[in-house]
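S.K.: First the structure, then my questions, so here it is.
The values are calculated or read from the model by the stated rules, or taken from the named source; none is laboratory data. Every value quoted in this text rests on a predicted model; they were computed, and no experiment measured them. As a convention, Cβ positions derive from the backbone with ideal geometry for all residues, glycine included, and neighbour counts pool all protein chains shown. Please note that ligands, DNA and RNA were not included when accessible areas were found on the heavy atoms of the full protein model with its side chains. Shrake-Rupley method; radii C 1.70, N 1.55, O 1.52, S 1.80 Å.
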Amino acid sequence: MSFELICEIEPPTTPDLKHVRHQIGTMSKIAHSFLIPDNHIGRATVSSVAVAHEVEAMGGRGIACLNSRDRNLLGFRRDLLTAAAYGVDQFLFVFGDKPSSGNRTSDLTVRSMIEEARAFTPGVRLGAAAGLRPLPSWKRAADFLFSQVSFSVEAQLRWRDEHPVDVPVYAGVMVLASANHARTLSAAIPDIALPDDLVARVAADRMAGVEAACEQVLALRDSGAFAGVHLIPVSRYRDIEPRLAAALR
């Protein structure tokens with residue numbers, strides 16, 4: 001079974017796609033497909049559907065993330081129609097982070113988005129996010145799952161063993177970019193476990209987080225437990241690409 005690398009793109013907060021194109025061009029040497037977040041961390045960004053279309057135009061495969069936080073049913077159907085017009089047929093549905101401004105809509109849930117998309121645009125490939133905890137039965141209706149980012153291979157393998165599922169599962173791997181990044185993550189995701197030794201190494205050496213992420217990707221590949229990884233390189237995509245390209249040969 002092939003091991004897929006799905007690379008997350010940092011979407012633009014201005015109407016300029018140059019940085020997006022650079023990320024795609026750099027990571028396309030190793031990425032099987034690209035995930036584009038949707039107003040992630042509660043701030044406005046260019047539409048994930050539009051960026052997924054850009055990925056496809058550059059010869060890649062795009063997965064557009066859509067959150068339930070920002071949409072009512074009509075807006076969701078608009079996004080599905082727009083995606084169909086652009087040839088985007090893969091989605092990851094998520095709840096959505098707390099918005100930095102405005103309010104959360106309560107019209108949709110991830111479960112209802114999956115059900116609606118199946119009925120409204122048959123043939124699309126739909127994914128959901130999974131925490132490292134018991135999996136709700138309705139998430140088994142997804143075509144693939146992205147498991148929560150973890151810095152522990154052991155925790156990821158234990159969860160995979162304890163909660164078997166018959167669809168592809170992609171393990172979340174994030175590059176820890178700096179000690180400040182570690183503090184931001186701890187504040188935003190209280191249940192994320194950041195190893196103290198990794199934080200100390202990253203504080204002393206800016207490349208330590210890149211090396212740790214590469215080691216984690218290889219360990220997950222060698223385990224055979226996952227269909228691939230969902231890699232979040234944050235700002236370090238230029239650093240991680242040549243290292244992973246060499247290691248994954």
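S.K.: Using the alpha-carbon centroid of each, what span in Å lies between the stretch 147-161 and the stretch 183-249?
M.R.: 13
S.K.: Spin-label point model (7 Å from Cα, Cβ direction): what's the A245 to A57 distance in nm?
M.R.: In this crude spin-label approximation the distance works out to 2.4 nm.
S.K.: When only Cα pairs under 8 Å and 6 or more residues apart are kept, what is the percent relative contact order across the stretch 171-249?
M.R.: Here the relative contact order equals 43 percent.
S.K.: Assigning unit charges at the beta carbon (Lys, Arg +1; Asp, Glu -1) and nothing else, what dipole magnitude in debye, to the nearest 20, does the chain show about its Cα centre?
M.R.: Approximately 320 debye in magnitude.
S.K.: Within the accessible area of the chain, what % is carbon and sulfur when the probe is 1.4 Å and the other protein chains stay in place?
M.R.: Ligands and nucleic acids excluded, carbon and sulfur reach 52 percent.
S.K.: Using a probe radius of 1.4 Å on heavy atoms only, what accessible surface per residue do you get for the stretch 168-249? Whole Å² is fine.
M.R.: About 44 Å² of surface per residue is accessible.
S.K.: Tell me the angle of helix 48-57 to the major Cα principal axis of the chain, expressed in degrees between 0 and 90 and rounded to the nearest ten.
M.R.: The angle comes out near 70 degrees.
S.K.: Whenever you get a sec, line up R183, R160, R236, R21 from highest to lowest accessible area (probe 1.4 Å, protein heavy atoms).
M.R.: These residues rank, largest area first, as R183, R21, R160, R236.
S.K.: Helix 110-120 against the longest principal axis of the chain: what's the angle in degrees, Cα atoms only, rounded to the nearest 10?
M.R.: For helix 110-120, the angle is close to 50 degrees.
S.K.: Once the Cα gyration tensor of the chain is diagonalised, what are the square roots of 5 times its eigenvalues, in whole Å and ordered largest first, as equivalent ellipsoid semi-axes?
M.R.: Its equivalent ellipsoid spans semi-axes of 27, 21, 19 Å.
S.K.: In 5 Å bins starting at zero, report the fraction of Cα pairs in the stretch 21-153 per bin as a rounded %.
M.R.: In order of increasing distance, the bins hold 2, 10, 20, 22, 22, 15, 8, 2, 0 percent.
S.K.: Give, as a single signed number, the net charge of other residues whose beta carbon lies under 13 Å from the beta carbon of L132, with Lys and Arg counted +1 and Asp and Glu -1.
M.R.: -1
S.K.: Counting only heavy atoms of the protein chains, get the accessible area per residue of the stretch 5-154 (1.4 Å probe) and round it to a whole Å² value.
M.R.: Spelled out: the 1.4 Å probe surface of the stretch 5-154, per residue, equals 46 Å².
S.K.: How far is it, in nm, from the label point at D161 to the one at K18 when both lie 7 Å from their Cα along the line to the Cβ?
M.R.: So the label points at D161 and K18 sit 5.0 nm apart.
S.K.: Expressed as a rounded percentage, what relative contact order does the chain have, with Cα pairs under 8 Å and six or more residues apart?
M.R.: Taking the mean separation of contacting Cα pairs over the length of the chain, I get 19 percent.
S.K.: Still on this structure, I have one more. Tell me the angle of helix 18-27 to the major Cα principal axis of the chain, expressed in degrees between 0 and 90 and rounded to the nearest ten.
M.R.: Between helix and principal axis, roughly 60 degrees.
S.K.: Between E115 and A188, how high is the FRET efficiency from 1/(1 + (r/R0)^6) when r is the Cβ-Cβ distance and R₀ = 30 Å? Nearest 0.05.
M.R.: Calculated transfer efficiency: 0.55.
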